[in-house]
Amino acid sequence: MSGRSRAAVLLAAVVTVGAALVPSAHASPKTPDTAVLDGGRLQQTKARLDRGDPQLRRELRTLTSRADTWLNQGPWTVVDKPKPAPGGDVHDYLSQAPYWWPTTTPTADNPWGCPYVQRDGQRNPEVDSGTDRQDVEKVFDSTYDLSLAWYYTGRRVYAEKAAQVLRTWFLDPATRMNPNLNHAQFIPCKYDGRAIGIIDFSQSYTSVLDAQALLATGAPGWSAKDRTAMGKWNADFLGWLKNSAFGEQEGAAANNHGTFYDMQLAALAYATGDRALARKTVLDARARRIDPQIAADGSQPQELTRTRSWHYSTFDLVAYTRLAAIGRHVGVNLWAYHGPDGQGVQKAVDFLLPTATGSAAWPYPELEFHRYAASDVVHAAADAGDKAAQRAVTKLETPPGGDLWELRPAAEQLDSIAG
């Protein structure tokens, strides 16, 4: 999911002692029309849970413990930040560039400490206060956890909370977010917003789309009016993503930003009914993304130059594996594609396997190594038929909060850095 800055939530989920939870026998009226997750597989998983599968029941306890932590939090809204985005509209989303730092001590005449300079991979703690970034990540994470928990258990409290979070952030006139990212990742005294700020949403918003699809199967508290209004918001956001100058710039990016842009574009297109655009986006990613971004040996050269090369190599593959999942819904097997030098998504995952399994050290720059960051993308490759990945699964490091792959088989960004 998100660039999840949610270690505390995950740890809380681990230590929460919940009541033994028996999944209800409630049956969804139809297969969830999810953009990334496989709705048919979710139905099969729910059936296994209802029959008492012990491994899935253990994972469900972890998921519901995580969902329980959200019940007394939020809802969140863009209008709560201390001061509005540049331009003055409190309904505009605002975030600050994470790797830019002040060079002087703030004064009355220079309250930000400008000018700002970049320190790649080093997160400025001031970005976590005063903007919408932390709250929107809670919106993304909570709606996903709560919707999945409702789907598998039938407990209406989860669905009603997810619906409240979605309505408050996206729909209620007094608290809703405008469907644009004009002021994402601004740099004080330099830029009012930047195209690369789109990644604030692209790295996790597909989880919200899937949460909406789960709720649309009959969740209490999520009405037809809500579904229609959310569909309109998604369509407006898709229009901004396609037609704005920032959207065009992000789509032209040659690294993980471009991959995530395509993934978000395809998912929004799918969710709003434009299956042709979704299919075209996945097809175009072969020559547009895979060919120039993945080398013959499976490495991702643009990501290896980063100070956090392991993080960004796995991060980019979160986008690729989710894009491949969207492709499955529109008749495109992205896993089977091989570029002119033999490059492909499967080979990129295989490049990570020695380090992901702990058999070899990562030989490239990395300021904060977490082996578990690769766990989900290896799971995705294994599910797609990659034999080496299948053999590697038992050797993966379990992420904080547990391995929930069987309940939500779509790769998330498992380490906490964002940007």
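The values are calculated or read from the model by the stated rules, or taken from the named source; none is laboratory data. Being a predicted model, the structure only gives us computed values, none of them experimental. So basically every Cβ, Gly included, is an ideal-geometry build from the backbone, and we count neighbours across all protein chains shown. Please note that ligands, DNA and RNA were not included when accessible areas were found on the heavy atoms of the full protein model with its side chains. Shrake-Rupley method; radii C 1.70, N 1.55, O 1.52, S 1.80 Å.
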By residue number, the members of segment 302-361 that are part of a helix (DSSP H, G or I) and among the acidic types (Asp, Glu) are 303, 316, 350
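Conditions (1) without any contact (Cβ under 8 Å) to a residue 60 or more places away in the chain; (2) closer than 27 Å to residue 205 by Cβ; (3) open to solvent by 10 Å² or more (accessible area, probe 1.4 Å), marked per residue:
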position	(1), (2), (3)
323	no, yes, no
337	yes, yes, yes
341	yes, no, yes
360	yes, no, yes
Practice task
Please work out if residue 266 is in a helix (DSSP H, G or I), under 17 Å from the mean Cα position of the chain (by Cα) and hydrophobic (A, V, I, L, M, F, W, C).
Solution key: yes
Taking segment 332-353 and keeping residues farther than 16 Å from residue 317 by Cα and more than 22 Å from the chain's Cα centre (by Cα) leaves 339, 340, 341, 342
* If you go through segment 285-295 one residue at a time, do you hit one that is at pLDDT 95 or above, open to solvent by 10 Å² or more (accessible area, probe 1.4 Å) and under 23 Å from residue 392 (Cα atoms)? -> yes
Open item on the list: Is it the case, given these coordinates, that residue 256 is of a type in the set (S, T, N, Q), in contact (Cβ under 8 Å) with a residue 12 or more places away in the chain and closer than 14 Å to residue 166 by Cα?
Closed with: no
Of (1) open to solvent by 10 Å² or more (accessible area, probe 1.4 Å); (2) over 20 Å from the mean Cα position of the chain (by Cα), residue 383 satisfies every one except (2)
Within segment 59-102, the count of residues that are out of contact with any helix residue (DSSP H, G or I) (no Cβ under 6 Å at 6 or more places or on another chain), among the basic types (Lys, Arg) and in contact (Cβ under 8 Å) with a residue 60 or more places away in the chain comes to 0
Discussion item. I'd like to know if segment 298-317 contains one or more residues that are surrounded by fewer than 22 Cβ atoms within 10 Å (Cβ to Cβ) and more than 29 Å from residue 416 (Cα to Cα).
Written reply: no
Across (1) out of contact with any strand residue (DSSP E or B) (no Cβ under 7 Å at 6 or more places or on another chain); (2) surrounded by fewer than 20 Cβ atoms within 10 Å (Cβ to Cβ); (3) assigned to a loop (DSSP other than H, G, I, E, B), residue 391 clears everything bar (3)
Condition set surrounded by 19 or more Cβ atoms within 10 Å (Cβ to Cβ), over 16 Å from the mean Cα position of the chain (by Cα) and of a type in the set (A, V, I, L, M), scope segment 116-155, selection modelled with the lowest pLDDT: answer is 127
Of the residues in segment 236-263, those that are in a helix (DSSP H, G or I), open to solvent by 10 Å² or more (accessible area, probe 1.4 Å) and farther than 18 Å from residue 280 by Cα number 6
Per the filter on segment 309-337, residues of a type in the set (D, E, K, R) and out of contact with any Asp or Glu (no Cβ under 6 Å at 6 or more places or on another chain) are 322, 328
